Amino acid sequence: MTDQATVRTAAGGLAQRLRDAFERAPDRQPALELNIGRATIHIEIAGDAAEIVMPALRKRLGPVTQPADLTFRAFTQPGLDPLGQAITGAAASQRVSAMTDPISGTLSTWDEDERVGYYWCGNVDRLPAWDFAAPLRALFSWSLPSFDMHLIHAAAVGNDEGAGVLLAGPSGRGKSTTAIICAAKGMRIVGDDYVVLDTSGDLRAHTIFDIVKLRPDSPANALVPDAEALLVREDGKAHIQLSDVLGEQHIESLDLVAIGVPKIAEQTGKPRRESGRSTLLALAPSSILQLPGTQRDTFPALVRACRELPAYEFEVGPDIDAIPAAVSMMLT
Amino acid sequence: MNAAQQSLRKQQLNILEETFESEAVIINIASGYYFSLNGAGTEIWQLFGQARDPAEIEQRFSAEQMEFVAQLRTQELLLASDDPAVQLSGEIIATETPKLERFDEMADLLQFDPVHDIDLDGDGWPVLREGFTRPPASA
């Protein structure tokens, strides 16, 4: 395994190459502003990167109104290969994280000192579905903990009073179905696949991505028949703009009062208290193991959620009218 | 220190863990496996928060407990260490069969190690870890 000093040097070199390449990138667009909790993020896009970033973020991006706490620069540049040459040395003191994804052909870097991150993609056509549904997630994952906020794999729904339930569990266990059915039936929704867990005070969930993903066999499809799916991606799921189909139910943030762990069953059931251990098993792995930089700060945040919030397992069945009632029990 | 003199202790570098009501959750961020331990298993796991002498362990543990230790070693949760062994204190009381449950579904995502195993002399893309083999779910 490459030693840590070499890794740090390599990461710093990669960030430098992306910085230089972005400066020369064609079709650079004016910065847009995204606010999540207390953080103001400026997003600068060049090349075809808008195709990657905008579907999940466009409803939340606006003109720049205040200085940036964090800056993300996303660009596509076919023919550029920032990894092709030997890495030249960078300052050893730079606190730079880097992540390559050979499946998608992307590179992300985050400089903790400069508070600037880069996302480079060589070919948009190579990107897997999840890169469109949750763009720039490595940059969010690295940067948000400095604000005591953490990108996590979970959904969140709640009531008009602003109280919310964090829906946890691995993919395919009914989180999205539960979240979308609850929202379609009048509850509030913060997000489907990812939310931002805010631990700066009492636990809160903030919105981040505007995409919900539905499997073809999900009963939630019956409640959003007018949705024009962006695209059925190769993961077999329809990617739907949340603000288009359930915009009135969307809410920026919820105060978390419980964690719900759904389980697909033949019939929807009443929530049953779940142990902190089982809840952490449902909540932590898919965040910790799929997102970079989560070990130091995000794992303790998830532990805190499991220790402070009452947790429930509940069965989710085809009797979809019973699902919001089951979730609402966790809010009382 | 040669292999025969090495102690045994928890792997620290790639492990995240938390104990709830005497039962532990462990995530190995290098392998992608995560684990749940019952009460008796957690008690044994926590003993290895300090370096222990394998010979003393073998002397004082029951066959069932030794089998559990072997599982921890197979799953790379316990590693050989050059730290001086600390003698066990108190009696090791077997309240139940120690159990470890492994969860696999995230592990396939972790066959690459993007930041660390970059091929700096080649094209810079990650290198699949050579000789990567999945340890058996049980020892």
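Among the numbered criteria (1) within 11 Å of chain A (Cβ to nearest Cβ); (2) part of a loop (DSSP other than H, G, I, E, B), which single criterion is violated by B:SER36?
It fails just one condition, (2).
Just checking, does the range A:303-323 include any residue being open to solvent by 30 Å² or more (accessible area, probe 1.4 Å), in contact (Cβ under 8 Å) with a residue 24 or more places away in the chain, more than 10 Å from chain B (Cβ to nearest Cβ) and of a type in the set (Gly, Ala, Ser)?
Yes, because at least one residue in the range A:303-323 is open to solvent by 30 Å² or more (accessible area, probe 1.4 Å), in contact (Cβ under 8 Å) with a residue 24 or more places away in the chain, more than 10 Å from chain B (Cβ to nearest Cβ) and of a type in the set (Gly, Ala, Ser).
Would you tally the residues in the range B:47-68 being in a loop (DSSP other than H, G, I, E, B) and open to solvent by less than 80 Å² (accessible area, probe 1.4 Å)? Lay out the reasoning, then the answer.
Going residue by residue through the range B:47-68, those that are in a loop (DSSP other than H, G, I, E, B) are B:48-51, B:53, B:61-62.
From the residues that got through so far, the ones that are open to solvent by less than 80 Å² (accessible area, probe 1.4 Å) too are B:48-49, B:51, B:53, B:61-62.
Within the range B:47-68, residues that are in a loop (DSSP other than H, G, I, E, B) and open to solvent by less than 80 Å² (accessible area, probe 1.4 Å) number 6.
Please give the number of the condition A:LEU14 fails out of (1) in a strand (DSSP E or B); (2) modelled with pLDDT under 95.
Only one criterion is unmet by A:LEU14, namely (1).
Applying the selection to the range A:111-159, what residues are part of a strand (DSSP E or B) and more than 19 Å from A:ALA56 (Cβ to Cβ)? Even if it seems obvious, please write down each step before you answer.
At the first step, the residues of the range A:111-159 found to be part of a strand (DSSP E or B) are A:111, A:116-121, A:149-153, A:155-158.
Once the filter is applied, which keeps residues that are part of a strand (DSSP E or B) and more than 19 Å from A:ALA56 (Cβ to Cβ), the range A:111-159 yields A:ASP111, A:VAL116, A:GLY158.
Between A:LEU291, A:LEU223, which is over 28 Å from A:ILE36 (Cα atoms) and modelled with pLDDT under 95? Don't jump to the end; show me each part of the working.
Working: A:LEU291 fails: over 28 Å from A:ILE36 (Cα atoms).
Among A:LEU291, A:LEU223, only A:LEU223 is over 28 Å from A:ILE36 (Cα atoms) and modelled with pLDDT under 95.
Confirm whether A:GLU44 is modelled with pLDDT of 95 or more, open to solvent by 10 Å² or more (accessible area, probe 1.4 Å) and more than 14 Å from chain B (Cβ to nearest Cβ).
Answer is yes for this residue.
Please go through (1) open to solvent by 20 Å² or more (accessible area, probe 1.4 Å); (2) more than 10 Å from every other protein chain (Cβ to nearest Cβ); (3) in contact with a Leu (Cβ under 8 Å, 6 or more places away or on another chain) for B:GLU18 and return the number of the only condition it doesn't satisfy.
All conditions are met except number (2).
Within the range A:288-299, which residues are more than 10 Å from chain B (Cβ to nearest Cβ) and closer than 18 Å to B:TYR33 by Cβ?
A:LEU291
I'm trying to understand the selection: among the residues of the range A:242-287, which are hydrophobic (A, V, I, L, M, F, W, C) and within 11 Å of chain B (Cβ to nearest Cβ)? Don't jump to the end; show me each part of the working.
Step one: of the range A:242-287, the residues hydrophobic (A, V, I, L, M, F, W, C) are A:242, A:245-246, A:251, A:254, A:256-259, A:261, A:264-265, A:280-284.
The answer is A:LEU280, A:LEU281, A:ALA282, A:LEU283, A:ALA284.
Yes/no matrix, rows are residues, columns are (1) of a type outside the set (A, V, I, L, M, F, W, C); (2) within 14 Å of another protein chain (Cβ to nearest Cβ):
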{"site": "B:GLY32", "(1), (2)": "yes, yes"}
{"site": "B:ALA40", "(1), (2)": "no, no"}
{"site": "B:TRP45", "(1), (2)": "no, yes"}
{"site": "B:ILE57", "(1), (2)": "no, no"}
{"site": "B:ALA63", "(1), (2)": "no, no"}
{"site": "B:LEU78", "(1), (2)": "no, no"}
{"site": "B:SER81", "(1), (2)": "yes, no"}
{"site": "B:GLY90", "(1), (2)": "yes, no"}
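The values are calculated or read from the model by the stated rules, or taken from the named source; none is laboratory data. All of these numbers come straight from a predicted model, not from anything done at the bench. When we count neighbours, we look across all protein chains shown, and the Cβ atoms used for this are built from the backbone with ideal geometry, even at glycine. Accessible surface is based on the protein model in full, side chains and every heavy atom, while ligands, DNA and RNA are left aside. Shrake-Rupley method; radii C 1.70, N 1.55, O 1.52, S 1.80 Å.
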